[in-house]
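Notes follow the structure.
All of the numbers you see were taken from the coordinates with simple rules; none came from a lab. The model shown is predicted, which means the values in this text are computed figures rather than measured ones. Cβ placement follows ideal geometry from the backbone for every residue including glycine, while neighbour counts extend to all protein chains displayed.
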């Protein structure tokens, strides 16, 4: 089935087991999100951006499952599983049953707007450090920066490259810079400002030195705790 036809069909409240009054559709570049009563069905679009490839049914099934496994680490009560979308006798039905599986969707519990991560981050109710600690992740935030005088030359080098995520436009960068948030309040071991005017080898050496010093401090802290 053509994806545009699938999108239209999945907006029909009558096909869902929840029997909602209406279905709300939200879209991103890679997903179509259907708000169905107290549930949300997230369908991956059959796109290929190079860094991700959802062009086959098997790939979409695989990445739906991966998304559920990954996000259950933070929100086990929200990510309910992967729903099958089936076609039988010309009728599309989400969920288990008879018929050919034509698509997969991540099935989630609908959250109140004030619980969404972008809002909680904006209101400082949660921080990336909080998320890292909760998942047990070991990370280093590297803020790459350089002088404005260098940037036009770098951006111009990207013009005409179809696969480059940047448009290479100086005026676009200037507009984006106005809304950049300053990075502040981070623990020194978790944050490294890196001036990228230096050669790549020198930048990498600075990162490695930072990690080695951080590791040495962690080892020293552990020794002190063991010796108590």
Original post:
Among 68, 30, which comes first, second and so on when ranked by fewest other beta-carbon atoms within 10 Å?
Top reply: 30, 68
Original post:
For percent of Cα pairs over 22 Å apart, the listed values are [x] 51; [y] 68; [z] 71; which was obtained by calculation from the structure presented?
Top reply: [y]
Original post:
Roughly how many nanometres apart are two label points built 7 Å out from the Cα toward the Cβ at residue 195 and residue 65?
Top reply: 5.0 nm
Original post:
What is the extension gain from residue 147 to residue 183, computed as 0.36 nm multiplied by their sequence separation minus the C-alpha to C-alpha distance, in nm to one decimal?
Top reply: 11.3 nm
Subject >> Among 200, 107, 190: highest mean-square fluctuation, GNM of the chain, C-alpha pairs under 10 Å >> reply: 200
Subject >> For region 57-115, Kirkwood radius (reciprocal of mean inverse C-alpha pair distance, Å) >> reply: 12.5 Å
Subject >> Equivalent ellipsoid semi-axes, region 1-115, via Cα gyration tensor eigenvalues times 5, rooted, Å >> reply: 20, 19, 14
Original post:
Can you tell which of 177, 45, 109 shows the greatest fluctuation in a Gaussian network model of the chain with Cα springs below 10 Å?
Top reply: 177
**OP:** In a Gaussian network model over the chain where Cα atoms closer than 10 Å are linked, find which of 101, 179, 15 has the largest mean-square fluctuation.
**Re:** 179
Original post:
Could you work out the helix-only [θ] at 222 nm for the chain, with each DSSP H run of four or more residues adding -39,500 (n - 2.57) and the total divided by the number of residues, to the nearest 500 deg cm²/dmol?
Top reply: -10000 deg cm²/dmol
**OP:** With an 8 Å cut-off on Cα pairs and a minimum separation of 6 or more residues, tell me the relative contact order of region 3-111 in percent.
**Re:** 24 percent
Subject >> For 191, 41, order by how many other beta-carbon atoms lie within 10 Å, fewest first >> reply: 191, 41
